[in-house]
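Trainee: Please read through the structure below; I'll follow up with questions.
The values are calculated or read from the model by the stated rules, or taken from the named source; none is laboratory data. All values derive from a computational prediction rather than experimental measurement. Positions of Cβ are backbone-derived with ideal geometry, glycine not excepted, and every protein chain shown enters the neighbour counts.
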Amino acid sequence: MRYLVIVMILGSLLLSGCAGSDEKALQYNFKQGITELDISFLENAPPREIYPESEFKFVVQLDNQAAYDATDGVVKIIGLDERYFQVVPLEEGFDQIMGRSLTTPAGERHFLELRGYAGRLLEGAAYYDGHFFLITKYNSKVEFTDTVCINPNLYEVYDAGCTQESQKSYRGQGAPLAVTKVETIITPGGGSAVEYRFHLRNSGQGAIRFINLQGAKLGGEQLFCKFQGKQGDERHVELDAEKQETVLICKKPLRDVNSYTTTLHLDLSYDYEVRQEHTLTLKSGEQTRLFS
Amino acid sequence: MAETLSKEEQDTLKRRLLKARKERERNAATGFTQFERTVAEVQQRAAEPHSSASAARTQPATTTERRPQLASGRSLPSFSGVSSQTAEREALGMGPYWILLGLGLLNFFLKMNFSFYQDQISSVAILVATAFFFWIMIRGLPNYRIKESVLLIAIMAELLGGGLLGFLPDTSLIPFIKDILFGVHAYAWALTGVLFFVMGAIEVKEAGRKLGLITGLALLGFVALGFFFFAPSLLLAPWDYQQQSHQEYLAAIEQQLEAGTKQVKEGALAFYDPLLCRFSTSTSTATLGAYDDCLKSKKITRFCKANFETVGERTKCEEEQRKTVVAVRGIDDPTRSQPMKAEFIVSEFFPKESYFTADSETTLTFPIQLKIANPRQQSFTVDVSCAFRQGTYGEEIPGKIIGAGQMEIEGIETEGVFVCEAPPLEEGSYTLIFKAEFPHLLSVSRLQRAFIGEKDLFWKRQWIDTIRSEQFSGGAHLSQAPADFVKLHFAFGSPLENPIIERTSGIVLSGSVENTGGGEIKSLSHYALDLPGFSLNDLTCLEGSLLIPAPSKSKPQPKRFYLPTCVVEQLPADLEDPSDYVLREFFGEIEYSYIIRKEVPVSLQAVAFVVDVPTGEARS
C-alpha cells in the first residue's frame, strides 16, 4: 500500500511536470524575431598562434537558434594558402540540424571537426597571417501565419464585421528570411478579389541566393502567387547579392460579400550562406634581435 | 669758355642751343633732352683742348655715365651702346635678366619632363614659347640687336643640334661630337639665359649702378659652374685639400647635372625621332601602331648606347628592352622587415693623418670595422678590398688587406675588423676606398593571387570586394620583398595589379629589380619566378639573367632594372576554375653580387727621421 502511494505520488509529479512544460512551450512562440544558425569555433580550435610543422584542429559549433531545421548543410574553409596551412577535409557536411521547437526548445547543437597542418614559414619570415573564411551553407524554410480580416465591400457602412488593415508590419518569423510587411489590396465590386503583397527581406548575417515559394493559403484555399518582376517560374526568385529583398504578390478571387476573418499562411524555402572571416597566424619559434 | 672756341664752332653751338631750347619747350617730359646733352657737350668742350672738338661732336657723352677716356679724348665704345633711351631701360636693373634666366631654366625643366619623344606637338610648343618669351623680354633691353642674334643662334642650335643628331653615324669619333650636340640641344636655352644674365650684369655695371648681392652670388655661381664643367682640372688641386663631405656634395651636384644630360641621351629629348618615324611609317604598307613602335625602338637604341660600352652588351640590352617593359611595383614584406645591413664604421682612432719617413720603408695601415646584419641568416662570404685615390678623378691605387680579407657570414650579426696596408705612396691627400663585395646573395619575394575561375554575377558581387579587403589589404596585392639590398618585384594579372584572377585570357606577367641598398649591383646572375604549371608565351620571363651596367663617374647606375614581360597562355588545372576560390602564393628569387663602398679622406705626410736619444746628464 505504501509503495502504491509512493508510485502514485511520483506519477502525479511526473504528469504535472510534463503538463506544465507543455503548456509553457505552447505559450512560447519560437517563430518570431530574426534568429538563425549560430556558427563559431570552439575555444582554441584552432589556436590563435600556430608553430610551423604542427597539427591543429578546427572545431565548428553549429547551434540552430532558428525556428526551422537547417538541412543539407556544408561547412568549408576557404582562402588558406595550402603552402602554409593544409586543411583536411576542406569541407564537412551535415544532413539536418533541428531548429527550436516544442521538442527541442533550445535548438539543436552540432559539432564538426576539420584537421589542419601548418607548413613552414618562408626563410627569414617572423610570421605569416593566413586570412580565411569559414563558410556555412544550408537550406532552410520560413513560415508566415497571421489572422487577417477581409472586407470585400469597403463602402458598406452597415457591415459591422472586422476591420481590414491595408498594411501591417512584422518583426520576423524566427528565421533570417522574414516577412516584414504585408499590404492588402481589395478589388471591390462584382468580381471582387484580394491581393497580398508580402515584403520579404533577409535580415540575417548571411546571404540568400534564392527563395522558393512552397505554398500560400488564405483560409484553406490556395493563393495564386508570383514574385514581383518575375517571368517564367513565378514561384522561384533569385535575390541580388547586394539587395537581399523581394516582394511576393498573391491574389485570390473572393466569393463572400461580407467581411470575415481568416488565416493567411505562407511557406517559403531558401538557401543560406554565412561567411565568417578569421585569421590563423603561423609564428616562428625563434626570436631574433638585431642591432639597429 | 667762349674764348677757347673758334668763331665757326661758337656759331654752331649757338644754333644748337637755340634748337635745344625749342625742343625743351615742346617736350617738358623728364629724361635727358637734346638741350641738356648740348649743354653738357658745351661744358665738356670748354674743358677739352681745341684739337679734340670734332671728335667730341661725334662721341657725345651723357650725364648719366662716366666712360673711360682714351688718351685722344675719345671715349671707349660702350658695350651697351648707351643713349638716353637705354639709360631709361637700364633703370630696370637686373629684373628682366632674372626672368630670362628663369625662362631658360624653365625650358630645361620642361624638356626634361615633357619630352619631345612622347609628344611632338609639345616639343614644338616648348621651343616656340621659349623663343617668343625670350624675344618679348629682350625687346625692351639694351643691345637688342646683339641679343636678338644670340636668340636666333639659340633657336638654330636647338633645331640643328637635334636634327644633326639623327644623321650622325655611330663611330668611335662621332660620340664625342654627339655629346656636344646633346649638350647644346639640352642646355641651349638655359645657357642663353645665363649669357643674357651675364650681359645684363655688365650693362648695369657699365651704367654705374651697383649689382645686388644675390646677382653677385649668382654670377659667382655661374663662374664656378663654368670652371666645374670646362676646366675641372683647375679645381682638382684645391679639392684635394677639402674635406670629404665637400667632395661628396660636389659629386652630388655633378651627378644631378649628369643625370639631366643622361636623360637627354637616353631619349627624353629625341626631337628628331617623331619626324623620322613619321616619314618612315607614312607608307601605305605601314601597320597600325608602326609609328609608336618606331619611336619606342629609337628610344631603346639610345638607352642601350648610353648605358653599355660593347656591341654585344648593347645588342643584349636592346633585345631585353624590346620586350615590353612594365614598371612593376612592390612593397616591403612586413613579415621580413628586418633590414639586411652592411656598413663600414670608421673608429675615432682611425689615422686620418699619417706620417712616414721618406728615407725608410714605413708601412702605413688603416683599420676599419665592417658590421653586417643578416636577419635572414643567409650563408655567404664577404670580400673586402681597399684602394687609394688622389683627387676626384685620380686613378685608384690598390692597397692590401692584411690577413684573409674575407669573412664568412652565417649568423644574424657579424662584425669584423680589416686593416688596409697602403702601397708606397707620395706625400699628399688621398681618399681611402674600402669595398665590401657580397657575392651570390639571394633575395626571395612573394606574391599572392586569388583564383576564382568562371563565376556568376551573384558570386562576384558577394565575394570580390570581400576577398580584396580581407586577403589583399595593406598593399598585399603587390609583391612583397624582404628588406635586402636588392628587391625583386613581380606581378601577374589582368591588369598586373589586380590580384583576382578570373580566367586565362589577358593575364600578363612582368617584374623588375630595384636597388635599395645604397651600394651598387655588381651582377645579377640569376632570376627565377616559381609559377608551377603556368604556360607562358616566353620562358625567359621565368628564368634568366640580367645585364647590369657598371656605374661610372658620368653614368650612375640605374636604380631599377626590368624583367621581360610575358603573356600567360594557360593556368594550372587546379586554378582554372575552382569551386570557390583558391588563394596561392608565388615566389620569385634573385641571385646577385653587391658592393658597398666607404670613402675616407686620409693625409700622408713625410717627416724627417729623428732619434731622440737621452743624454747622460738627463739620465743622471
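Trainee: Which residues, counting only those in region A:43-64, are under 20 Å from A:Met98 (Cα atoms) and not acidic (Asp, Glu)? Outline the logic, then answer.
Mentor: We begin by selecting, within region A:43-64, every residue under 20 Å from A:Met98 (Cα atoms); these are A:59-64.
Listed by number, the residues that qualify are A:Val59, A:Val60, A:Gln61, A:Leu62, A:Asn64.
Trainee: Only one of A:Asp240, A:Asp271 is under 30 Å from A:Arg115 (Cα atoms) and within 14 Å of chain B (Cβ to nearest Cβ). Can you tell me which?
Mentor: A:Asp271
Trainee: Further question: Just the residues that are surrounded by 20 or more Cβ atoms within 10 Å (Cβ to Cβ), under 20 Å from B:Ala373 (Cα atoms) and among the small types (Gly, Ala, Ser), please, taken from region B:484-518.
Mentor: B:Gly517
Trainee: What number of residues within region A:72-90 are assigned to a strand (DSSP E or B), within 14 Å of chain B (Cβ to nearest Cβ) and free of Cβ contacts under 8 Å to residues at least 40 places away in the same chain?
Mentor: The qualifying residues number 2.
Trainee: Residue under question is A:Gly161, and the condition is that it be within 13 Å of chain B (Cβ to nearest Cβ), modelled with pLDDT under 95 and either touching a Ser or Thr at 6+ places or on another chain (Cβ under 9 Å) or not in a strand (DSSP E or B) (or both); does it hold?
Mentor: Answer is no for this residue.
Trainee: Give me the pairs, please: first residue somewhere in region B:466-484 and more than 9 Å from chain A (Cβ to nearest Cβ) and closer than 21 Å to A:Gly124 by Cα, second residue anywhere and in a strand (DSSP E or B) and of a type in the set (Ser, Thr, Tyr), beta-carbon distance under 7 Å, and either six or more positions apart or on two chains.
Mentor: Hits for this filter: B:Ser479/B:Ser445; B:Gln480/B:Ser445; B:Ala481/B:Ser443; B:Ala481/B:Ser445; B:Asp484/B:Ser443.
Trainee: Taking the condition of being under 21 Å from B:Trp463 (Cβ atoms) and without any contact (Cβ under 8 Å) to a residue 24 or more places away in the chain, how many residues in region A:43-71 meet it?
Mentor: Adding up the residues that qualify gives 0.
Trainee: Here's a follow-up. Taking region B:520-541 only, how many residues are touching a residue at least 40 places away in the same chain (Cβ under 8 Å) and surrounded by 21 or more Cβ atoms within 10 Å (Cβ to Cβ)?
Mentor: Total satisfying the criteria: 5.
Trainee: Among the residues of region B:518-544, which ones are modelled with pLDDT under 90 and under 30 Å from the mean Cα position of the chain (by Cα)?
Mentor: The one that is modelled with pLDDT under 90 and under 30 Å from the mean Cα position of the chain (by Cα): B:Gly518.
Trainee: So which residues in region B:419-447 are within 16 Å of B:Gln605 (Cα to Cα), out of contact with any Lys or Arg (no Cβ under 6 Å at 6 or more places or on another chain) and part of a strand (DSSP E or B), if there are any at all?
Mentor: Passing the criteria: B:Gly428, B:Ser429, B:Tyr430, B:Leu432.
Trainee: Counting just the residues of region B:322-342 that are surrounded by fewer than 19 Cβ atoms within 10 Å (Cβ to Cβ) and more than 14 Å from every other protein chain (Cβ to nearest Cβ), which one comes out modelled with the lowest pLDDT?
Mentor: By that ranking, first place goes to B:Thr324.
Trainee: I'd like the full set of residues that are more than 9 Å from every other protein chain (Cβ to nearest Cβ) and more than 16 Å from B:Asn498 (Cα to Cα), limited to region B:455-465. Steps first, please.
Mentor: Step one: of region B:455-465, the residues more than 9 Å from every other protein chain (Cβ to nearest Cβ) are B:455-456, B:464-465.
Hits for region B:455-465 are B:Lys455, B:Asp456.
Trainee: Please go through region A:34-71 and pick out each residue that is assigned to a strand (DSSP E or B), of a type outside the set (A, V, I, L, M, F, W, C) and under 14 Å from A:Arg109 (Cα atoms). Talk me through it step by step, then tell me what you get.
Mentor: If we filter region A:34-71 for residues that are assigned to a strand (DSSP E or B), which is where we start, we get A:37-42, A:45, A:49-50, A:55-64, A:70-71.
Next, only the ones that are of a type outside the set (A, V, I, L, M, F, W, C) stay: A:38, A:40, A:49, A:55, A:57, A:61, A:63-64, A:71.
Across region A:34-71, the qualifying residues are A:Asp38, A:Ser40, A:Gln61, A:Asp63, A:Asn64, A:Thr71.
Trainee: If you take the residues in region B:547-596 that are among the aliphatic types (A, V, I, L, M) and farther than 30 Å from B:Phe434 by Cα, which one is surrounded by the fewest Cβ atoms within 10 Å (Cβ to Cβ)?
Mentor: Among residues in region B:547-596 that are among the aliphatic types (A, V, I, L, M) and farther than 30 Å from B:Phe434 by Cα, the one surrounded by the fewest Cβ atoms within 10 Å (Cβ to Cβ) is B:Ala573.
Trainee: Hey, any hits in region B:432-444 for a residue that's more than 10 Å from chain A (Cβ to nearest Cβ), of a type outside the set (A, V, I, L, M, F, W, C) and under 30 Å from B:Lys352 (Cβ atoms)?
Mentor: There is at least one residue in region B:432-444 that is more than 10 Å from chain A (Cβ to nearest Cβ), of a type outside the set (A, V, I, L, M, F, W, C) and under 30 Å from B:Lys352 (Cβ atoms).
Trainee: Of the residues that make up region B:384-393, is at least one under 30 Å from B:Ser443 (Cβ atoms), touching an Asp or Glu at 6+ places or on another chain (Cβ under 6 Å) and at pLDDT 90 or above?
Mentor: Yes: one or more hits.
Trainee: Enumerate the pairs (first residue in region B:575-589 and within 7 Å of another protein chain (Cβ to nearest Cβ); second residue anywhere and of a type in the set (S, T, N, Q)) with beta-carbon separation below 8 Å, excluding pairs fewer than 6 apart on the same chain, so at least 6 apart or on different chains.
Mentor: As it stands, the answer is B:Leu583/B:Gln448; B:Leu583/B:Gln471; B:Arg584/B:Gln448; B:Glu585/B:Gln448, since those pairs meet every condition given.
Trainee: Being within 30 Å of B:Ser469 (Cα to Cα), within 14 Å of another protein chain (Cβ to nearest Cβ) and not in a strand (DSSP E or B) is the requirement here; does B:Gly411 meet it? Quick ask: steps written out before the conclusion?
Mentor: On the way: within 30 Å of B:Ser469 (Cα to Cα): no; within 14 Å of another protein chain (Cβ to nearest Cβ): yes; not in a strand (DSSP E or B): yes.
Spelling it out, it is not the case that B:Gly411 is within 30 Å of B:Ser469 (Cα to Cα), within 14 Å of another protein chain (Cβ to nearest Cβ) and not in a strand (DSSP E or B).
Trainee: Across region A:91-136, which residue is nearest to the other protein chains (Cβ to nearest Cβ) among those that are assigned to a strand (DSSP E or B), more than 28 Å from the chain's Cα centre (by Cα) and surrounded by fewer than 18 Cβ atoms within 10 Å (Cβ to Cβ)?
Mentor: Going through the qualifying residues, I end up with A:Tyr127.
Trainee: Hey, another quick one. Just to verify a result, which residue in region A:241-260, among those that are buried (at least 18 other Cβ atoms within 10 Å of the Cβ) and among the hydrophobic types (A, V, I, L, M, F, W, C), is nearest to B:Trp463 (Cα to Cα)? Can you show your working first?
Mentor: Taking region A:241-260 first, the residues buried (at least 18 other Cβ atoms within 10 Å of the Cβ) are A:244, A:246, A:248-250, A:252, A:254, A:259.
Within this subset, residues satisfying the condition of being among the hydrophobic types (A, V, I, L, M, F, W, C) are A:248-250, A:254.
Numbers: A:Leu248: 27, A:Ile249: 31, A:Cys250: 33, A:Leu254: 46 Å.
Looking at residues that are buried (at least 18 other Cβ atoms within 10 Å of the Cβ) and among the hydrophobic types (A, V, I, L, M, F, W, C), I get A:Leu248.
Trainee: What pairs can you find where one residue is in region B:370-393 and within 14 Å of chain A (Cβ to nearest Cβ) and assigned to a loop (DSSP other than H, G, I, E, B), the other is of a type in the set (Gly, Ala, Ser) and surrounded by fewer than 17 Cβ atoms within 10 Å (Cβ to Cβ), and their Cβ atoms are less than 9 Å apart, with a gap of 6+ or different chains?
Mentor: Here the result reads B:Asn374/B:Gly411; B:Pro375/B:Ser337; B:Gln377/B:Gly411, each pair linking region B:370-393 to a residue that is of a type in the set (Gly, Ala, Ser) and surrounded by fewer than 17 Cβ atoms within 10 Å (Cβ to Cβ).
Trainee: Got a number for residues in region A:209-225 being farther than 30 Å from B:Thr466 by Cα and surrounded by fewer than 19 Cβ atoms within 10 Å (Cβ to Cβ)?
Mentor: Summing the residues that are farther than 30 Å from B:Thr466 by Cα and surrounded by fewer than 19 Cβ atoms within 10 Å (Cβ to Cβ) in region A:209-225 gives 9.
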